[in-house]
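Have a look at this one before I ask anything.
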Amino acid sequence: MTVMQHIWIVLGVLFVLLNIAAGLIWVERRLLAMWQDRLGPNRAGPLGIFIVLADTLKLFFKEDWIPPFADKWVFILAPAIVVGSVLMSFVIIPFAPGIVVADLNIGLLFFLAMSSLGVYSIVLGGWASNNKYALLGALRGASQMIAYEVFMGLSVMGVVMLSRSFNLIDIVAAQENVWFVVTQPVGFVIFFIAGIAETHRLPFDIPEAESELIAGFHAEYSGMKFGMFFIGEYMGITLISAMTVTMFFGGWLGPAFLPPVLWFFLKTFFFIGLFILLRASLPRPRYDQLIEYGWKILLPLVLVNLLVTGAIALWLKS
Amino acid sequence: MSLLFYISSIVAILATIMVITRHQPIHALLYLVVSFMAISMIFLSLGAPFSAVLEVIVYAGAIIVLFIFVVMMLNLDKETALQEKKWLQPKVWIGPSILALVLLIEMILLLLEPPSEKMLVTVVTPRQVALSLYGEYIIAVELGGFLLMTGIVGAAHIGKHTKRNLHRFLQNNH
């Protein structure tokens, strides 16, 4: 691959991702409205799609206020970390054969490393705000994300065992005959649950829980700094959906009447829709319930899944 | 590759100096994260991607987050910064500086010797790491597991507390 081709792939991936993240503002509101039996934004432009522009303009013109009691540099750094770490994770996702930014042999581990760095945005944002509610949100966020990172890492190890590689292109290629969702159903469910907790989306949006903590870790943020958290969350959803598709639903593989990249996007959008449906339909658990559910149910389950997968893989080999 | 090595080494040294000179504990921890990431880059440039990623996942991603968590919980803010300022007076630096100087002289002497062989960069794949961990070094891995298990049991024992009932009406009632 020449250098120019590589630069075009990087720019293309960045362009598509940022547009999807912005477009999800409209998609989420319309879908939520549909499931709650109302109309949603339908005034600006065809089907209300210009709500994206209106919302972005509004964010840019809001006063960008840094509280005098905040720790200034850490306060500014926090929203950048979330967007940076999520964008870095997209580096390893193969969108179609040949369309991948970096073909790393430690791809899956790189994704886990970047998602573990994403915790800093919540922790630092909440701490730097110097506000009781923000600090509570940050404490909750830190313990929730550290706990669910463990299950996320363990749940994909079954896939690694079966495909014998950390490289995502090899993992997709190993699903030529049968998708890993068939052979690793428990791994898929736990990965998806952990993914919701990692992106702190509803029903697991306990770090921000607006009915108890106002807005949690980003209570003091306004203007485009809040916008960064907002966009970071949407990109997080896209990332978890794309990773689910890559690891459990055969990535770009699909019947030949559509190009591979289109298959990838269709599957990814299905999971983004699932994220929004979960938000529309499930209530938020209590904080201790969430942590207990993680350590007492998901952890034993994922360990048993690993043991069984390993045993079957050894049995098939001999 | 050697340019990458030198850049990340300089970043690591500068970040580590910042760690020990900051008064605010959270700022020091943030520089420690930068230092860990620079070290991870050094591993990567030496052909060990697996250790590089583990460095980020384990140290930067989990351990330092726990440190920051504890600092946040204890609310070490103004007072600690003042205390640190008091501790970091010029005369404190004398002892460590002498020790560091001895190490520096040793390192310079070692570097001045003609190199016996060139530094070879061989990429170690995750599979090789796993094979040596679970083959050659299995005892060390298991002993490490024992140690962690003791830690967990100890933490569970310390964290356990009997429920105090403030009133008989509140019994059996969460």
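The values are calculated or read from the model by the stated rules, or taken from the named source; none is laboratory data. Please read all numbers here as calculations on a predicted model, not as lab measurements. Note that we place each Cβ from the backbone using ideal geometry, even for glycine, and neighbour counts take in every protein chain shown.
Can you tell me which of (1) part of a helix (DSSP H, G or I); (2) in contact (Cβ under 8 Å) with a residue 60 or more places away in the chain is the one B:H23 doesn't meet?
It fails just one condition, (1).
To continue, here is another question. Would you be able to tell me the number of residues in segment A:102-122 that are out of contact with any Phe, Trp or Tyr (no Cβ under 7 Å at 6 or more places or on another chain), touching a residue at least 24 places away in the same chain (Cβ under 8 Å) and either more than 22 Å from A:V261 (Cα to Cα) or more than 10 Å from every other protein chain (Cβ to nearest Cβ) (or both)?
10
Quick one: how many residues across segment A:160-189 are within 14 Å of another protein chain (Cβ to nearest Cβ) and of a type outside the set (S, T, Y)?
8
Something else: As an exercise: evaluate B:L29 against (1) away from every other protein chain (no Cβ under 11 Å); (2) within 22 Å of A:P207 (Cβ to Cβ) and give the number of the one condition it does not meet.
Looking at each condition in turn, B:L29 falls short on (1).
Go through segment A:31-60 and report how many residues are more than 19 Å from A:G227 (Cα to Cα), assigned to a helix (DSSP H, G or I) and without any contact (Cβ under 8 Å) to a residue 12 or more places away in the chain.
Counting residues in segment A:31-60 that are more than 19 Å from A:G227 (Cα to Cα), assigned to a helix (DSSP H, G or I) and without any contact (Cβ under 8 Å) to a residue 12 or more places away in the chain gives 3.
Okay, next question. Which ones in segment A:263-284 are of a type outside the set (F, W, Y) and surrounded by 13 or more Cβ atoms within 10 Å (Cβ to Cβ)?
If the condition is that a residue be of a type outside the set (F, W, Y) and surrounded by 13 or more Cβ atoms within 10 Å (Cβ to Cβ), then A:K267, A:T268, A:I272, A:G273, A:L274, A:I276, A:L277, A:L278, A:R279, A:A280, A:R284 are the ones that fit.
While we're on this one: Identify all residues within segment A:243-253 that are in contact with a Leu (Cβ under 8 Å, 6 or more places away or on another chain) and over 20 Å from A:I9 (Cα atoms); write none if there are none.
Selection gives A:M247 alone.
Mind telling me which of the residues A:E63, A:E28 ends up being in contact (Cβ under 8 Å) with a residue 40 or more places away in the chain, among the charged types (D, E, K, R) and either assigned to a loop (DSSP other than H, G, I, E, B) or within 26 Å of B:M37 (Cα to Cα) (or both)?
A:E63
Still on this structure, I have one more. Which pairs turn up if I take residues in segment B:132-147 that are modelled with pLDDT of 90 or more and look for partners that are hydrophobic (A, V, I, L, M, F, W, C) with beta carbon separation below 7 Å, at least 6 apart in sequence or on another chain?
Pairs that qualify, where the first residue is modelled with pLDDT of 90 or more and the partner is hydrophobic (A, V, I, L, M, F, W, C), are B:V141/B:L133.
Filter segment A:53-108 down to residues that are surrounded by fewer than 19 Cβ atoms within 10 Å (Cβ to Cβ) and among the aromatic types (F, W, Y) and give me whichever is nearest to A:S165 (Cα to Cα).
Applying the filter and picking the extreme gives A:W73.
Results for (1) surrounded by 15 or more Cβ atoms within 10 Å (Cβ to Cβ); (2) in the same structural domain as B:V129 (by TED's automatic domain parsing); (3) over 30 Å from A:L136 (Cα atoms), shown as yes or no for each residue.
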{"residue": "B:Y6", "(1), (2), (3)": "no, no, yes"}
{"residue": "B:I10", "(1), (2), (3)": "no, no, yes"}
{"residue": "B:L30", "(1), (2), (3)": "yes, no, no"}
{"residue": "B:A38", "(1), (2), (3)": "yes, no, yes"}
{"residue": "B:F50", "(1), (2), (3)": "yes, no, yes"}
{"residue": "B:M73", "(1), (2), (3)": "no, no, no"}
{"residue": "B:K85", "(1), (2), (3)": "no, no, no"}
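So the check is Cβ under 9 Å with 6+ separation or different chains; which pairs have a first residue in segment A:134-159 that's away from every other protein chain (no Cβ under 12 Å) and at positive phi and a second one that's in a helix (DSSP H, G or I) and surrounded by fewer than 23 Cβ atoms within 10 Å (Cβ to Cβ)?
none
If you don't mind, there's one more thing I want to ask. Looking only at segment A:1-52, count every residue that is within 17 Å of A:A96 (Cα to Cα) and polar (S, T, N, Q) and tell me the total.
Here the count works out to 1.
Still on this structure, I have one more. Being assigned to a loop (DSSP other than H, G, I, E, B) and among the charged types (D, E, K, R) is the filter; apply it to segment A:207-222 and report the residue that is nearest to the chain's Cα centre (by Cα).
A:E208
Considering every residue within segment A:255-268, establish whether at least one is within 20 Å of A:L168 (Cβ to Cβ) and in a loop (DSSP other than H, G, I, E, B).
yes
Please determine, by comparing only the residues of segment A:141-177 that are over 18 Å from the mean Cα position of the chain (by Cα) and crowded, with 24+ Cβ neighbours inside 10 Å, which one is nearest to B:I64 (Cα to Cα).
A:F166
Another question, if that's okay. Determine which member of the set B:L46, B:L82, B:L76 is in contact with a Pro (Cβ under 6 Å, 6 or more places away or on another chain), at pLDDT below 85 and more than 10 Å from chain A (Cβ to nearest Cβ).
Result of the check over B:L46, B:L82, B:L76: B:L76.
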